[in-house]
1. Name every residue in the range 18-33 that is modelled with pLDDT under 80 and part of a helix (DSSP H, G or I), in order of residue number.
2. Sort through 15, 36 and tell me the only one that's aliphatic (A, V, I, L, M), assigned to a helix (DSSP H, G or I) and modelled with pLDDT of 70 or more.
Amino acid sequence: MLQLFFTVAFSAVPLTLYLPPIRSLSFFVGTIEDMLRETNLYALGLYLRLRLGFSRIFRSIFHLSSLLL
């Protein structure tokens with residue numbers, strides 16, 4: 001059991017080298033938050049336009065199908 005513990009522990013050590021330091025990680029998270037805050041307004045407008053477009057498409061499809069019946 002001790003051998004299994006050491007095997008898992010030493011195989012996980014190289015994975016810690018891939019993690020960035022906390023200082024650069026917090027800068028990255030701050031940059032992502034700023035980007036999301038700036039694009040939120042554009043995303044809302046895009047969502048409303050897509051919703052309107054799909055509603056018009058489905059309305060015309062259902063209107064045509066009701067005429068055929």
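1. Result: 22, 23, 24, 25.
2. 36
The values are calculated or read from the model by the stated rules, or taken from the named source; none is laboratory data. Model, not experiment: these values are computed from the prediction.
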